[in-house]
Amino acid sequence: MTLKLEDKKEIVAEVNKVASGAFSAVVADYRGLTVGQLTKLRTKAREQGVYVRVIRNTLARRAVEGTNFACLQDSLVGPSIIGLSLSENDMGASARLFKEFAKDNQKMVVKALAFDGKFYDAKDIDKIATLPNHKQALSMLLSVIQAPVSKFGRLMTALKEQKEAA
């Protein structure tokens with residue numbers, strides 16, 4: 001199916017708008033996946049706040065120009081699907097989604113990732129996929145803040161018990 005120039009401009013504008021507000025991106029080769037598998041991927045993506053789009057490479061290259069994901073232009077070759085993390089509370093959602101989906105569907109191959117304007121190779125997917133979401137980051141911060149107070153409390157208890165024993 002051929003796209004008219006107006007349709008192409010709309011697609012580029014839509015993807016550019018989403019990419020401008022996104023936090024991370026993943027490009028993967030979806031060759032060999034069935035329509036049902038792609039539908040499952042899209043459903044999971046919607047639930048996790050990830051924008052997923054199958055887009056022509058030339059249009060994708062134009063769409064990511066001027067965004068933090070311009071570094072992905074060289075990886076946009078062959079059949080490509082792009083995933084963009086939209087949630088500020090979970091910046092690594094797209095990488096996590098594609099990593100989990102690729103475990104069950106070996107035909108999907110991650111090509112490249114981008115986070116904060118930096119290009120990452122497919123083998124570095126764990127760096128982005130293991131980024132903590134908002135709740136995890138807050139709990140990590142609270143445990144760091146709470147540690148000195150709890151250690152001080154245990155020290156005081158130990159000193160009290162030592163004096164009572166003596």
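Every number in this text was worked out from the coordinates using simple rules, so none of it is lab data. All values derive from a computational prediction rather than experimental measurement. Ideal geometry is used to build each Cβ from the backbone, glycine not excepted, and the neighbour counts take in all protein chains shown.
Just a few scattered comments:
- Relative contact order computed over the chain (Cα-Cα under 8 Å; 6+ residues apart), in percent: 28 percent
- Under 13 Å from Lys135, Cα to Cα: aspartates and glutamates that are on another chain or at least 8 residues apart: Glu88, Asp90
- Peptides 88-95, 55-62 ranked from most to least packed give 88-95, 55-62, packing being the mean of other C-beta atoms within 10 angstrom over each peptide's residues.
- Dipole magnitude of the range 38-150, debye to nearest 20 (Cβ charges: Lys/Arg +1, Asp/Glu -1, about Cα centre): 460 debye
- Each Lys or Arg adds one and each Asp or Glu subtracts one; over the other residues with Cβ under 12 Å from the Cβ of Asp104, this totals +4.
- Taking 0.36 nm per residue of sequence separation and removing the Cα-Cα distance, the Lys160/Gln146 pair yields an extension gain of 2.9 nm.
- Straight-line reach from Lys160: taking Cα to Cα under 29 Å and skipping same-chain neighbours fewer than 8 places apart, the lysines in range are Lys151.
- Once you reduce the range 65-124 and the range 27-43 to the center of their Cα atoms, the two points are 14 Å from each other.
- Of all the options Glu14, Glu47, Glu100, the one that moves most in a Gaussian network model of the chain with Cα springs shorter than 10 angstrom is Glu47.
- Of all lysines in the structure, the ones whose alpha carbon falls short of 23 Å from that of Lys111, not counting any fewer than 8 places away in one chain, are Lys17, Lys40, Lys44, Lys99, Lys103, Lys123, Lys127.
- Residue-wise HN-Hα coupling along the range 43-49, computed from phi with Karplus coefficients 6.51, -1.76, 1.60 (Hz; x: Gly, Pro): 5, 4, 5, 4, 5, 9, x
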